[in-house]
1. Looking only at segment 271-288, decide whether some residue is open to solvent by 10 Å² or more (accessible area, probe 1.4 Å), within 25 Å of Asn172 (Cα to Cα), in a helix (DSSP H, G or I) and without any contact (Cβ under 8 Å) to a residue 60 or more places away in the chain.
2. Counting only residues that are in a loop (DSSP other than H, G, I, E, B) and within 12 Å of the ligand (Cβ to nearest atom), how many does segment 177-217 have?
3. Assess whether Thr358 counts as being part of a loop (DSSP other than H, G, I, E, B), surrounded by fewer than 23 Cβ atoms within 10 Å (Cβ to Cβ) and not small (Gly, Ala, Ser).
4. What's the number of the condition Thr159 fails, among (1) under 23 Å from His122 (Cβ atoms); (2) touching a residue at least 40 places away in the same chain (Cβ under 8 Å)?
5. Can you tell me how many residues within segment 8-37 are assigned to a loop (DSSP other than H, G, I, E, B), under 20 Å from Val342 (Cα atoms) and either within 16 Å of the ligand (Cβ to nearest atom) or of a type in the set (Ser, Thr, Tyr) (or both)?
6. Please determine, by comparing only the residues of segment 92-119 that are more than 19 Å from the chain's Cα centre (by Cα) and not aromatic (Phe, Trp, Tyr), which one is farthest from the ligand (Cβ to nearest atom).
7. Hey, can you tell me all the residues within segment 207-216 that are touching a helix residue (DSSP H, G or I) at 6+ places or on another chain (Cβ under 8 Å) and surrounded by fewer than 24 Cβ atoms within 10 Å (Cβ to Cβ)?
8. Filter segment 230-254 for residues that are without any contact (Cβ under 8 Å) to a residue 60 or more places away in the chain and more than 30 Å from Arg9 (Cα to Cα); which is nearest to the ligand (Cβ to nearest atom)?
Amino acid sequence: MSFDDIIDRRNTHSSKWDMMEAFTGVSDPDAISMWVADMDFRAGDFLQDAVKGLLDKANYGYFAGDGPAREAAAWWMKTRHGWDVDSALMTCTAGLGNGIALSLQAFTKPEDEIIIFTPVYHEFTNKVLNAGRRLKQSPLVIEDGVYRMDLETLEATMTGREKMVLFCSPHNPAGKVWSIEEMRALAAFCERHDLLLVSDEIHHDLVFSGHSHTPFAVAVPDVKDRLIMMTSASKTFNTAGTRLGCVTILNDDLRTQYRKALKAIDLSPNLLGMEMTAAAYSERGADWVDALVAYIEGNRDIFEEGIGAIPGLHAMPMQSTYLAWVDFSGTGMDMKEATHRVKIDALIAPSMGVEFGTGGEAFMRFNIGTPRARVEEAVSRLTDAFSDLQ
Ligand SMILES: Cc1ncc(COP(=O)(O)O)c(C=O)c1O
């Protein structure tokens, strides 16, 4: 199998392809779907073997024991990320979306304010608002072409109502990999203001050469009593449809509180997610990820170079993820016009930057986790759609 293989995902219950028209308004059969954050590649053989193993057992009754998935996750964290963590401290959730929503339920009250660094994964906002909590946006600033947190400005606005920070590491969108110094500064900020820190590290494996991701628990061990670590195999191995997230809470009281909240809603991960996670976090999985990251890095180079050649468009340099972040402000046109050109002229369905919060208004997010031919085609169509700017 090759990452170049094009598989048709239409009519497979794929949100990215089958919901494209409903959510983005782009309907043409030749359209390229670049919005939802999953990848268009065939699953690795180790995942297919895990599914075959399930088929052979020919029984889908109640299962017991998320131990193998947690142990595989702990092994992966140690071997790939230098984080020596006891699998007994991990709690499996029905995906990290569920894990984040549950953190809000378990640790905050309706009047509490939740800090997010925008533009950021739009579901942070949705989860906070759906939980009836208050949102506090701290806009990232662009320095030397990449994002940095502006904790000084945030500090000046603190009221004492803030309870939690939702941190995205590496950052979605744009793929910024946070440095240990930046994490130390954030941890100190959380200490000063007595905030819980949810570190959503779902993109931890998709990091390009020259950069390295450090789990928050490793970067700042002292923050452990206020830290909620979120990891998952789902972005790395494209298993999001099997719904399994891993929430590691080092503090005993917080972990008990979290598990109680999970029990209260009686929502458990499923057998398939468990099997997939255990199969993914393996030597075979590691080889597959190494090849995947090299491939996406190649896509990134083509995308960034192509976008960089279109006057007025700028792709923020990606250090990780497959979620490219393109600034349209240099075109001088309003976003209605830019959107028309992308969706109607180029027949591409991206995510709109405005959904990612303050600072995202002039951007669109393009998912390049797709066979290279599609990335090349997208660049070529965008070049044509904005050709009058040449
Ligand atoms: C930062 C971040 N967290 C969480 C999720 C969703 O995770 P899950 O599919 O496990 O619910 C995404 C998906 O795009 C994401 O980008």
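1. So far as segment 271-288 goes, yes, one or more of its residues are open to solvent by 10 Å² or more (accessible area, probe 1.4 Å), within 25 Å of Asn172 (Cα to Cα), in a helix (DSSP H, G or I) and without any contact (Cβ under 8 Å) to a residue 60 or more places away in the chain.
2. The qualifying residues number 5.
3. Yes, satisfied.
4. With respect to (1) under 23 Å from His122 (Cβ atoms); (2) touching a residue at least 40 places away in the same chain (Cβ under 8 Å), Thr159 is out only on (1).
5. 6
6. Filtering segment 92-119 for residues that are more than 19 Å from the chain's Cα centre (by Cα) and not aromatic (Phe, Trp, Tyr), the one farthest from the ligand (Cβ to nearest atom) comes out as Glu111.
7. Matches in segment 207-216: Val207, Phe208, Ser209, His213, Thr214, Pro215.
8. Per the criteria, the residue is Asn251.
The values are calculated or read from the model by the stated rules, or taken from the named source; none is laboratory data. The shown structure was predicted, so the numbers you read here are calculated from the model rather than taken from an experiment. Heads up, the Cβs are rebuilt from the backbone with ideal geometry, glycines too, and the neighbour counts pull from every protein chain shown. The protein model used for the area step is the full one, side chains on, heavy atoms only, and it has no ligands, DNA or RNA in it. Shrake-Rupley method; radii C 1.70, N 1.55, O 1.52, S 1.80 Å.
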